[in-house]
Amino acid sequence: MLATVGHIVSIQVGLPQRLGDASSNDPSKSQWFTGIFKNKIDGPVRLDKRNLAGDAQADLRVHGGPDKAVLAYSAEHYPAWRNELKLPDFNFGAFGENFTVADAEEDDVCIGDIHQAGDAVLQVSQPRSPCWKLARKWGLSDLPKRLVISGRSGWYYRVLQEGIVESGNDIKLIERPRPEWTIRRICDVTYGIKRHHGDLAALERLELLASQWREM
């Protein structure tokens, strides 16, 4: 029997949209194109190699693609964020994640982990590296930096087997080839929060880590 390592408690999808004022010279009000706003979806949803049905990314140079088909974020972090940000309505999907996952955090998830949810099979590919759009969404310029420093990054999946998923699915661990490389450790090494000699070179050689992250 496969071990349960988490549960999907909410699924969010959304299509890119243009927001703001095209005539404004104020960076906080000017027009922008983003897919970071997601809406909760109930019931079964199809997951293919690149997206959940009804989901897409705005800037494919830095978002989306096979190594970033699904963004997952731990439900366990939300109480702390609500308290720290003084935002009581900071709800699931606030970080633009597709899967909000209970009972799993960055110390529990490793690069290369193969997970099953519904009849889809996914592989953990990299941590989430937040961009300016997260800051703009919430009007909090330091939110991406706080996300990194806190270690509460979230993680991406690549899709090994397409299938149907839905809120309430258990996440089962099929295989864990690199237990030494948790999502938390990869962030610590990459951002210099905690790093030992040889760690960066080891990350560069970590083939299960998304190529874009290894190049970075």
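Nothing in this text is a laboratory measurement; each read-out follows from the coordinates by a stated rule. Treat the numbers as computed from the prediction; the structure is a model and nothing was measured. Note: ideal-geometry Cβ built from the backbone for every residue, glycine included; neighbour counts use all protein chains shown.
Some points to look at:
- Of Ser153, Ser167, Ser28, the one that fluctuates the most in a GNM where the chain has Cα springs shorter than 10 Å: Ser28
- Cα centroid separation, region 1-51 to region 60-99: 9 Å.
- In order along region 161-169, phi translates into HN-Hα couplings of 9, 5, x, 9, 10, 7, 4, x, 4 Hz, rounded to whole numbers, per the Karplus curve 6.51 cos²θ - 1.76 cosθ + 1.60 with θ = phi - 60° and x for Gly and Pro.
- Taking a ≥ b ≥ c as the square roots of the eigenvalues of the Cα gyration tensor, an a/c ratio of 1.5 or more together with a/b no larger than b/c marks region 62-216 as oblate.
- Once exposed loop trypsin sites (Lys or Arg not before Pro) are cut out (DSSP; at most 16 other Cβ, 10 Å), longest piece of the chain: 87-193
- Over 25 Å between alpha carbons, listed pairs Lys29/Lys145; Lys49/Lys194; Lys38/Lys133; Lys38/Lys86: Lys49/Lys194
- Gained length - Glu162 relative to Leu200, 0.36 nm times residue gap less alpha-carbon distance: 10.4 nm
- Distant-in-sequence amide H partners of Ala58 (H built 1.01 Å from N, under 5 Å): Gly35
- For Ser30, residues with placed amide H under 5 Å, excluding near neighbours: Asp21
- Cα shape, region 134-204, gyration tensor, a/c 1.5 rule: oblate
- Order of Glu175, Glu76, Glu105 under a 10 Å beta carbon neighbour criterion, fewest first: Glu175, Glu76, Glu105
- In region 27-73, chymotrypsin sites (Phe, Trp or Tyr not before Pro) in a DSSP loop with at most 14 other beta-carbon atoms within 10 Å: none
- The chain - mean residue ellipticity at 222 nm from DSSP helices (-39,500 (n - 2.57) per run, n ≥ 4, rounded to 500): -5000 deg cm²/dmol
- Taking a Cβ cut-off of under 12 Å around Leu143, the surrounding Lys, Arg, Asp and Glu residues balance to a net charge of +4, with basic ones at +1 and acidic ones at -1.
- Under a 5 Å amide H cut-off, with hydrogens placed 1.01 Å from N, Val9 pairs with Thr100, Val101, Ala102, Gly168 among residues at least 5 apart or on other chains.
- For a straight C-alpha distance cut-off of 14 angstrom, the aspartates and glutamates reachable from Lys40 (same-chain residues fewer than eight places away being disregarded) are Asp55, Glu97, Glu166.
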